[in-house]
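Q: Questions regarding the structure given below will be posed in turn.
The values are calculated or read from the model by the stated rules, or taken from the named source; none is laboratory data. Everything numeric in this text was worked out from a predicted model, so none of it was measured. Reconstructed Cβ throughout: ideal geometry from the backbone, glycine too, with neighbour counts over all protein chains shown.
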Amino acid sequence: MCPATQWLAPADEANLVLDHAGQVNVFLVAALLAPGGFLAPDGTADIAALRAVLRERIAELPALRKSAVQSGRRHHWIETIPDVEHHIRAVEPVDGLTGLEDRCAELMGQPLAGDRPLWEILVVPGATAGGLGVVLRIHHAVADGMTAALIVQRLFDPGEPGESPSNQPLMRRPTEAPRHHPRNDPRSTLRRIGTGLSRIRKTLWGQGVGRTMLLGERSAHHGVAFLRTEIEALEAAVRPRGATVNDALLAASAAGFRAALLAAGEPVPSWLPVSEPVALRRRGTAGNQVGVMLVRLPLGEPDPDERLRLIGAQTRDEKLRARDQGTLEFMRGPIGARIMDSLARRQHLVGGFVTNVPGTKGAFLLAGAPVTALWPVAVLAGNVRLGVAAVSYAGNLCCGIHFDASNVPGDVFAQAMGEELARLGR
């Protein structure tokens, strides 16, 4: 094999397995831009100027200069010079923010070209008055949520001086979770083996969710909704109650799930388990380095503040366990991923996905154009029909809700979740 190639890390190879018909394994970031730089005051975009700026930055980002080439049952990365006219291009205009949501929903069902580097940047006119939208899509084989956030940081310009202290990184990097015992301590090893066996058993036979419209074969009709809430107010309101912003995100998601089930005429379970990724310390070359924790959302608890408390009591311990355990056992290589992909189509272990990626303290520019808003959209996998992704940006917690629009009342979910975030932030 020539020096310009490298085998995919097992966890990245596993993410190629999860990309197939009906399941596009791509992480999406949508943004709104105001005039400046490559974007003229009348909203006209100079795509050539944008490409010129980004071409230089792509040259310094190896993750965006590699293509996955199959060799037998495995893949290797091969160094490639991206065709920026393909990877960075304008698409048809949309009608405002709702139009951008709809365009993102369509894109979550469209695979990336497999014979090129696995990413693209789409310029979307009409997404905002006087400006435009931009959509970045990156395949999960290239990056998990944390890695994708760092790629965004490298592609975009820093904001105005003073928006982020010069001695602090824009993105908060994951740190190693504290341990009571050294990792090679026999008791720690035995504990991890036991936890691993338990997680395998749950993946194979877990039945935490009954029959519900939240699970089942997905239609081709995707839906996306965007929410924002002020993060400092939210944190100031929930911290005295012993909760974190992530706990508040989960509590607001619980309100959304509860409202969606009621709107569909379904009984509300006492608890709804959801899956949430947990960032691991960056080691090696893998673009995917995440653990997973299960959080049981107390939908049957009528008091919202008590729901928040119950969630916080779980996440304090579960996050540490997830980081200590590392990557989900079935996602440590392609063989396990094939098994999990098959099982996931009929699983009843979780009823939804929630993911929260630490973001920037300040604001970005893109080739000189101010980025006024930003939202992530995560993948729906297996038989799960609704997921929530969140990132902090410019003082806001920005949430993207991705759902099967033919089977789940995602608009009801989004309204209830937004109302709960507003209530928790007061």
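Q: Considering (1) under 30 Å from residue 33 (Cα atoms); (2) modelled with pLDDT under 90, say which one residue 379 fails and leave the rest.
A: Every condition holds for residue 379 apart from (2).
Q: Would you kindly identify the helices (runs of 4 or more DSSP H) lying entirely within the stretch 1-116 that contain at least 3 residues that are among the small types (Gly, Ala, Ser)?
A: Filter on the stretch 1-116 gives 47-58, 96-107.
Q: Scan the stretch 260-277 for residues that are crowded, with 20+ Cβ neighbours inside 10 Å and in contact with a Pro (Cβ under 8 Å, 6 or more places away or on another chain) and report the count.
A: So the count comes out to 2.
Q: Give 323, 426 a once-over and let me know the one that is among the basic types (Lys, Arg), under 20 Å from the mean Cα position of the chain (by Cα), modelled with pLDDT under 90 and surrounded by fewer than 24 Cβ atoms within 10 Å (Cβ to Cβ).
A: 323
Q: Condition first: modelled with pLDDT of 75 or more and more than 17 Å from residue 269 (Cβ to Cβ). Now tell me which residues in the stretch 190-228 satisfy that.
A: 217, 218, 219, 220, 221, 222, 223, 224, 225, 226, 227, 228
Q: Just for strands (runs of 3 or more DSSP E) wholly inside the stretch 330-408: which have at least 2 residues that are under 21 Å from residue 11 (Cα atoms) and without any contact (Cβ under 8 Å) to a residue 24 or more places away in the chain?
A: Strands (runs of 3 or more DSSP E) meeting the threshold: none at all.
So that you can scan it fast, the table gives a plain yes or no per residue for (1) over 25 Å from residue 144 (Cβ atoms); (2) surrounded by fewer than 17 Cβ atoms within 10 Å (Cβ to Cβ); (3) charged (D, E, K, R):
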site: 17; (1), (2), (3): no, no, no
site: 21; (1), (2), (3): no, yes, no
site: 42; (1), (2), (3): yes, yes, yes
site: 63; (1), (2), (3): no, no, no
site: 66; (1), (2), (3): no, no, yes
site: 77; (1), (2), (3): no, no, no
site: 88; (1), (2), (3): no, no, no
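Q: Filter the stretch 38-62 down to the residues that are touching a helix residue (DSSP H, G or I) at 6+ places or on another chain (Cβ under 6 Å) and under 13 Å from residue 5 (Cα atoms) and list them by number.
A: none
Q: In addition: Scan (1) over 17 Å from residue 422 (Cα atoms); (2) in contact with an Asp or Glu (Cβ under 8 Å, 6 or more places away or on another chain) for the single condition residue 226 breaks and write down its number.
A: (1)
Q: OK, next. Check the stretch 358-369 and report whether any residue there is closer than 19 Å to residue 24 by Cβ and surrounded by fewer than 24 Cβ atoms within 10 Å (Cβ to Cβ).
A: Checked the stretch 358-369: no residue is closer than 19 Å to residue 24 by Cβ and surrounded by fewer than 24 Cβ atoms within 10 Å (Cβ to Cβ).
Q: Please specify each residue of the stretch 288-315 satisfying the condition of being aliphatic (A, V, I, L, M), in a strand (DSSP E or B) and either outside the structural domain of residue 334 (by TED's automatic domain parsing) or crowded, with 19+ Cβ neighbours inside 10 Å (or both).
A: 290, 292, 293, 295, 297
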